[in-house]
1. When the Karplus curve 6.51 cos²θ - 1.76 cosθ + 1.60 is applied with θ = phi - 60°, which whole-Hz ³J(HN,Hα) does each residue of the stretch 25-40 get, with x for Gly and Pro?
2. Mind listing the phi-derived Karplus ³J(HN,Hα) values for the stretch 174-180, rounded to whole Hz, using 6.51, -1.76 and 1.60 with θ = phi - 60°, and x for any glycine or proline?
3. Express the Stokes-Einstein translational diffusion coefficient of the stretch 67-126 in µm² s⁻¹, to the nearest whole number, given a Kirkwood radius over alpha-carbon pairs, 25 °C and a viscosity of 0.890 mPa s.
4. Rounded to the nearest 500 deg cm²/dmol, what is the calculated helix-only ellipticity per residue at 222 nm for the chain, with -39500 (n - 2.57) per DSSP H run of length n ≥ 4?
5. Could you give me the ³J(HN,Hα) list for the stretch 74-79, computed from phi with Karplus coefficients 6.51, -1.76, 1.60 and θ = phi - 60°, whole Hz, x at Gly and Pro?
6. Identify the trypsin sites (Lys or Arg not before Pro) of the stretch 81-179 meeting these criteria: DSSP loop state and at most 11 other C-beta atoms within 10 Å of the C-beta.
7. Enter the accessible area of Phe80 (Å², nearest 10), with the probe set to 1.4 Å and all protein chains included.
8. Taking H placed 1.01 Å from N in the peptide plane, check which residues at least 5 places from Leu59 or on another chain put their amide H under 5 Å from its amide H.
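The values are calculated or read from the model by the stated rules, or taken from the named source; none is laboratory data. For clarity, every value in this text was computed on a predicted model and none was experimentally measured. Backbone-built Cβ (ideal geometry, glycine too); neighbour counts: all protein chains shown. Just the protein is used for accessible areas: all its heavy atoms, side chains included, with ligands, DNA and RNA removed. Shrake-Rupley method; radii C 1.70, N 1.55, O 1.52, S 1.80 Å.
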Amino acid sequence: MTFELNPGLLLIVGGVLLPLLRPGLRLVWMLALPVLGAYLLWHAPEGNHMPFEAFGVPLELYRVDSLSRIFGYIFLLATFLGGIYAAHLKNPLEPSAALVYAGAAVGAVFSGDLVSLFVFWELTALASVFLIWARGTERAFHTGMRYLVVQVGSGVVLLAGLLVRWQETGSVAFDHIGIDSVGGVLVLIAFGVKCAFPLLHNWLQDAYPEATPTGTVILSAF
């Protein structure tokens, strides 16, 4: 059903298509996509949707529950406000990257398995680095490269955690994991890097000040 489409995928596709639009239509596009995403989420029933199987592993690309729904609305609202904040931009690359980044974050919120989470996780890293590189300076380029290494590295740790957990339990479900196993500890470390836990936060202080003003706002929101 149409309502059982992960809103994050809508934003990702919309972000990829945004540079093809005329400048006058880009702002309307950027504001309409999160509104449409919120409408789809409002009508989406709770449960597991968009089931998919890869190499015999069942995946859940869209799991809706009371908690993910709340964060979905928050992220979609942040996407809408970010679109307003980016309305003055002439270069379509930055708002395009912002939409893909926001879409990947929304997609991660609704991931029902660790494999889907990993895919959206790495997509956030690849999209968000362009918000740093958009400043166009040599310093921003080098900072963006350091940022990308850390973010992709956190995804590698997450991948290691899900592989260990799959071996331990035979499941990649994104449910209660705990830290009583090696897989759980690796997943926690990956989240720690992504969320800038104390002692794992230096990348944030390094990267965010080098992004464009719009990029810093978008990065902070997600």
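1. Karplus-based 3J(HN,Hα) across the stretch 25-40 equals 9, 5, 5, 4, 4, 5, 8, 6, 4, x, 5, 5, x, 5, 5, 5 Hz.
2. Coupling constants for the stretch 174-180: 8, 10, 4, 10, x, 10, 9 Hz.
3. Estimated via Stokes-Einstein, D reaches 203 µm²/s.
4. Details: 9 runs with 149 residues, N = 222.
-22500 deg cm²/dmol, from helical runs alone.
5. 4, 5, 5, 5, 4, 5
6. Here the trypsin sites (Lys or Arg not before Pro) that fit, given the DSSP loop and packing criteria, are Lys90.
7. 60 Å²
8. Here Phe52, Glu53, Ala54 satisfy the definition.
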